[in-house]
Amino acid sequence: MDYIKINPSDNVAVALQDLSKGTRVEGVTLSMDIPRGHKIVLRDLRAGEHVIKYGYPIGHVTRDAAAGTMVDHTCIKTNLEGLLEYKYEPSFDPAEADAPALGLRGLKLFAAEKCDKKFCPTPAGSKPVCFKGFRRADGQVGIRNQIWVIPTVGCVNGICQQIVDRFKAEVAGKEGSVDAIVAFPHNYGCSQLGYDHENTRTVLADMVHHPNAGGVLVVSLGCENNQLDAFSELVGPVDGSRVRMFKTQEVKDEVEYGLQQLREIFAVCSKDEREDVPVSELRVGLKCGGSDGLSGITANPLLGVFSDWIVAQGGTTILTEVPEMFGAETILMNRCQDEATFDKTVHLINDFKEYFMKQGMPVYENPSPGNKAGGISTLEEKSLGCTQKCGQSLVRGVLKYGERLSVKGLNLLSAPGNDLVASTALAASGCQIVLFTTGRGTPFGSFVPTMKISTNTPLATNKPGWIDFNAGVLAQDESMDSVAARFIDFVLAAASGEPVNNEKNGYREIAIFKQGVTL
């Protein structure tokens, strides 16, 4: 397969590999070479005419474009502008909104004989699909059993790292079920006001409660804005055998004191054991970055099928990157389970637009240089590809930044598109793992396993130390049912303890959303 016309109404096709001048595409002869992921004009377009991809306008051409040529960011302009008013027009029968598997139209991609194996909701009375996880006392389930050292302020980053380095050397070879001991430095916790200060406190508190952490040591300086007493109050009740906090200004030898706290935490959580847990307990973050023209054709639709499957099993997925919903937001709004959820989604979208406008920044100039080089030309095109990660299930919940999950099923989360900020926000909401699609490649990891899924095979071949799973085979004629079956098994193996590349490489970081001034 050399190219794809995604929707019958499209007036462009997408090259699935580099195509040479003279190649025939949908009865049109190419008059130029077309790189992989880029759009091929299928009929003559006049200046101002819409470019149709995925069955939707993705902008308009700024000059005439002849059939057989390429259209890219140099000759397409977005149709988007300003704030919009929205009307709730559900794309499903509201009388069926409580059906657990409603909207799983993506599952029609699978062969019917496979439905009783994996892809349909678990029949009543049968054994559910399981993974091996850690059940926590608060009812949550972790897919990792780690010890985290969290600074309340950037001033103690070095101390936290020294404590971790010394403790890892001390317990080497004696880890038991503890699979990592990690410090999470950040630059915040002081000289912040308003939302920034609360964002820092909230995300750090979310981390303390995360089920992937069997134990947590919180390290404070003592004079920062993020005062330990107030932070402890925000965190609320914890298991004192697993969560400890101290101020470095109040102890004589902060490193030795921290080591002793870790020894006591380690003695408890190193005895934790994995057990069978139904996939209904999985909470999965959906993210993309370094997208290309194949993102909306291979990796993102694969995540959409996976998301629908998890939801059908009673589990949870979360879509974020609000600026990359612009242009496709009505599709999500009309899948909201009810009007109250729709209203929250409208606020999610318009609040983020107003954030841009208050900063004096353009709302719709989103595609990055890497996106454009990979074949994405406008925000509409990027958003229509991005939102495919959440499949076709109903939207059950809408979360503010830093808010923790309370509703199962598909949720939307307020966070920017920045890879590390958004992935941190997904993890902070309670996701045990983030599935991250990419067409350009990236090595980073958040504070939970961050699995990279490539949109194209060359990336997976060239960066095996970054990419965990190759969805590019979907552009090479492997069927969606075959790839999805392998992908489900791969994710469940990761949930059961198999490390992904960011963990193997020791790439674990956090980034907190900053909106205002620094004192």
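Read the figures in this text as sums done on the coordinates, not as results from a lab. What you are looking at is a predicted structure, and each value in this text was computed from that prediction instead of being measured. Cβ atoms come from the backbone with ideal geometry, glycine included; neighbour counts cover every protein chain shown.
Summary of computed values
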quantity	calculated
Percentage, to the nearest whole number, of Cα pairs in segment 3-77 over 18 Å apart	29
Once exposed loop GluC sites (Glu not before Pro) are cut out (DSSP; at most 11 other Cβ, 10 Å), longest piece of the chain	86-272
Helix-derived mean residue ellipticity, 222 nm - over the chain, DSSP H n ≥ 4, -39500 (n - 2.57), to 500	-8500 deg cm²/dmol
Beta bridges per DSSP with both ends in the chain, % antiparallel, nearest 5	35
Value of relative contact order over the chain, rounded to a whole percent, pairs C-alpha under 8 Å and six or more apart	17
Ranked 148, 309, criterion: other C-beta atoms within 10 Å, fewest first	148, 309
Kirkwood estimate for segment 147-229, i.e. one over the average of 1/r between Cα atoms, Å	13.4
For the chain, the spread of Cα positions along each principal axis, largest first, Å	77, 56, 49
Dipole magnitude of segment 285-504, debye to nearest 20 (Cβ charges: Lys/Arg +1, Asp/Glu -1, about Cα centre)	380
Between helix 339-358 and the chain: long-axis angle, C-alpha atoms, 0 to 90°, nearest 10	90
Proximal lysines relative to residue 358, as straight alpha-carbon distance under 16 Å, when same-chain residues fewer than 8 apart are discounted	514
Under 16 Å from the Cα of residue 21 - lysines, other chains or at least 8 residues apart	39
Distance violations [Cα-Cα > 30 Å] among 168/408; 77/389; 247/504	168/408; 247/504
Label-point separation, residue 66 to residue 405 (7 Å along Cα→Cβ), nm	5.3
Cα-centred dipole magnitude for the chain, charges only on beta-carbon of K, R (+1) and D, E (-1), debye, nearest 20	700
Selected from 225, 183, 17, residue furthest toward positive end of dipole (the chain; charges at beta carbon)	17
Size descriptor, Kirkwood hydrodynamic radius, that averages inverse alpha-carbon separations across segment 285-504, Å	17.1
Extreme residue, positive dipole direction of the chain, given options 420, 209, 496 (C-beta unit charges)	496
Distance histogram for segment 337-392 (every C-alpha pair counted, 5 angstrom bins, percent rounded to whole numbers)	4, 16, 16, 21, 22, 13, 6, 1
Gyration tensor over alpha-carbon atoms, segment 402-519, equivalent ellipsoid semi-axes in Å	27, 17, 14
